[in-house]
1. With respect to D203, determine if the residue is charged (D, E, K, R), assigned to a helix (DSSP H, G or I), in contact with a Lys or Arg (Cβ under 9 Å, 6 or more places away or on another chain) and surrounded by 23 or more Cβ atoms within 10 Å (Cβ to Cβ).
2. Just one of (1) under 20 Å from V134 (Cβ atoms); (2) at pLDDT below 95 trips up R346, so point out which.
3. If we scan the stretch 341-363, do we find a residue that is β-branched (V, I, T) and farther than 18 Å from P422 by Cα?
4. Before we move on, is L251 under 28 Å from I427 (Cβ atoms) and either touching a helix residue (DSSP H, G or I) at 6+ places or on another chain (Cβ under 9 Å) or hydroxyl-bearing (S, T, Y) (or both)?
5. Hey, could you check the stretch 51-82 for residues that are over 11 Å from L9 (Cβ atoms), in contact (Cβ under 8 Å) with a residue 24 or more places away in the chain and among the charged types (D, E, K, R) and say which is surrounded by the most Cβ atoms within 10 Å (Cβ to Cβ)?
6. Could you list, in sequence order, the residues of the stretch 119-158 that are farther than 27 Å from R346 by Cα, surrounded by 24 or more Cβ atoms within 10 Å (Cβ to Cβ) and of a type outside the set (A, V, I, L, M, F, W, C)?
7. Restrict the check to the stretch 289-298 and report whether at least one residue is free of Cβ contacts under 8 Å to residues at least 12 places away in the same chain and not in a strand (DSSP E or B).
Amino acid sequence: MTEPLRVALAGLGTVGAGVVRLIDANGELIARRAGRPIEVVAVSARDRSKDRGIDLDRFDWVDDPAELARHPGADAVVELVGGADGPALALARAALGAGKSFVTANKAMVAHHGLELARAAESGGVALKYEAAVAGGIPVIKGLREGAAANVIDRVYGILNGTCNFVLTKMEAEGRDFAEILAEAQRLGYAEADPSTDIDGVDAAHKLSILASLAFGAQPAFADVVVTGIRNVIAADIAEAAALGYRVRLLGMADADGKGLFQRVQPMLVPLDHPLAHVLHSTNAVVAEGNFVGRLFFQGAGAGDGPTASAVVADLIDIARGEFGPPYAMPVEALAALPPADSGERRGRDYLRFTVADKVGVLAEIAAAMRDAGVSIESLMQRGAMADGSVLVAIVTHEGPERCVAQALEKLRGSPSLKSEPMWMPILSD
C-alpha cells in the first residue's frame with residue numbers, strides 16, 4: 001500500500017476540528033483522489049481538556065506548536081492558529097526550515113510574511129499552500145494560480161469579508177443603521193466581540209494583497225493597500241444607492257500597469273446588473289478579468305468550519321500528489337517589485353454624501369468646491385432634516401479623475417457647515 005501523507009495539525013478550533021472530521025468522513029474518497037491516504041498523526045492546541053466532538057486520543061499531542069515541525073512522523077504541517085506573527089509564524093518558519101510542506105489558512109501571516117515563506121519553501125523544495133486564507137472554501141487561489149495561468153489579468157476585485165457583507169445586506173433589507181445591525185451580527189456570531197479587523201477593512205486588505213500578488217506577478221505589498229471600512233455607511237447611503245440603481249458593497253479591488261500596483265478596500269456602489277450586487281449575507285465573491293478567458297466569477301462561503309476545512313484538505317491532496325509549484329504561481333525571484341499606483345489619475349464616477357447644517361448657502365458652498373476642483377456634478381439630491389436637525393446632501397459625479405474629487409473634499413475640510421466627515425464611494429464600472 002502507498003505510504004500515507006502524515007500531517008501535524010496546529011490549532012483545534014472550529015476549522016482545525018473540521019479538518020479532522022472531514023478526513024474522517026471522506027478518507028476513502030480523499031485517498032483515491034490523492035493517490036494515497038492522508039492521516040493526521042499529531043496535534044497541538046492551547047487546551048487539551050476541551051471537548052471538540054472528535055477523538056484526539058489517537059494523535060500525538062504536542063504542547064508547543066513549533067515542535068510539530070520536528071515531529072518525526074509528520075510529512076506536512078497545517079497551521080490554523082492565526083495571527084500574523086507569534087506561534088503561527090514560528091511554526092511556519094520551523095516547518096519549512098525542516099523540509100516539511102506547509103498549509104495555512106492564515107491570511108494575515110501570508111499577507112505580511114508570504115514572500116519570506118515562499119522563498120523558504122522554494123529553497124527547501126517543499127510546498128507552501130494557502131487556499132483557505134482567501135475566501136474560505138472558494139477555490140480562487142487555484143483559479144488564479146492554475147486555471148487562469150495563461151492569462152494577463154487586467155483586474156481582480158470582490159467581496160472579501162463576510163461580516164461586512166452581512167451588515168450591509170441587512171442594512172439594505174431592513175433600513176436600519178450600522179451600529180444596530182453590527183450588534184445583531186455579534187449576537188448571531190457573524191461578527192467578533194471586537195469586530196474592528198473586519199469592519200475597518202483590514203481582513204479584506206490581507207486577502208486583497210494575496211490576490212493581487214497572484215494576479216499580477218507582483219511581490220506582496222500589504223502596506224500599500226488603501227483601506228476604508230464601513231463604519232461611516234449610514235442607512236441613508238443604502239437608500240440613496242437603491243434609488244439610483246445600485247447596492248453598497250465593501251469591495252477589495254486591485255489592478256496593475258507599468259506604473260504601479262493599485263490596491264484598495266472601500267465601500268462602493270455596485271450596479272444592480274452586476275453579479276456582485278446579488279451576493280448577500282456572509283457570502284464572499286471574487287471577480288478576475290483575464291485578457292483571453294474574460295470575466296471569471298467565484299462565489300461561495302467565505303468562512304466556517306466546513307468550507308475552510310475543505311480548502312485546507314484540498315491543499316493536502318495537492319501535496320500528497322506531489323503537486324507543489326511556486327507559491328505565487330512563479331518563482332519568487334520573478335515577482336515584480338511594483339510601487340503603489342497613483343490613484344489620482346484613476347477615472348470614474350463617484351457618490352459623495354454630506355451631512356450638513358440646515359441653513360442658506362450650504363449647497364452653494366459644496367457646489368463651489370466641486371467647481372473649483374474641476375468636478376462635474378451629474379446629479380444632486382437634498383433630503384429633509386434628520387432627527388438632529390441636519391440635512392443630507394448626496395452628489396453623483398460625472399466621470400473624472402479621482403484627484404479632483406479629493407481636492408474638492410479637501411477644500412470642504414473643516415467647514416462649519418459640515419456636521420460629519422463626507423462619505424466618498426466610487427461607482428463600480430465594467
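1. Details: charged (D, E, K, R): yes; assigned to a helix (DSSP H, G or I): yes; in contact with a Lys or Arg (Cβ under 9 Å, 6 or more places away or on another chain): yes; surrounded by 23 or more Cβ atoms within 10 Å (Cβ to Cβ): yes.
Here the answer is yes, as D203 does meet what is asked.
2. (1)
3. We begin by selecting, within the stretch 341-363, every residue β-branched (V, I, T); these are 355-356, 360, 362.
Restricting the remaining residues to those that are farther than 18 Å from P422 by Cα gives 360.
Checked against the condition, which is being β-branched (V, I, T) and farther than 18 Å from P422 by Cα, the stretch 341-363 yields at least one hit.
4. Details: under 28 Å from I427 (Cβ atoms): yes; either touching a helix residue (DSSP H, G or I) at 6+ places or on another chain (Cβ under 9 Å) or hydroxyl-bearing (S, T, Y) (or both): yes.
Here the answer is yes, as L251 does meet what is asked.
5. Filtering the stretch 51-82 for residues that are over 11 Å from L9 (Cβ atoms), in contact (Cβ under 8 Å) with a residue 24 or more places away in the chain and among the charged types (D, E, K, R), the one surrounded by the most Cβ atoms within 10 Å (Cβ to Cβ) comes out as D75.
6. K129, Y130, E131, G136
7. The first filter runs over the stretch 289-298 and keeps only residues free of Cβ contacts under 8 Å to residues at least 12 places away in the same chain, leaving 294-295.
Subsequent filtering for residues that are not in a strand (DSSP E or B) retains none.
No; the residues of the stretch 289-298 include none that is free of Cβ contacts under 8 Å to residues at least 12 places away in the same chain and not in a strand (DSSP E or B).
Quick grid of which residues meet (1) outside any loop (DSSP other than H, G, I, E, B); (2) among the basic types (K, R); (3) out of contact with any strand residue (DSSP E or B) (no Cβ under 9 Å at 6 or more places or on another chain):
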residue: S49; (1), (2), (3): no, no, yes
residue: R52; (1), (2), (3): no, yes, yes
residue: D57; (1), (2), (3): no, no, yes
residue: L68; (1), (2), (3): yes, no, no
residue: P72; (1), (2), (3): no, no, yes
residue: P87; (1), (2), (3): yes, no, no
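The values are calculated or read from the model by the stated rules, or taken from the named source; none is laboratory data. Everything quoted here is computed from the prediction, not taken from an experiment. Every residue, glycine among them, receives a Cβ derived from its backbone with ideal geometry; neighbour counts consider all protein chains shown.
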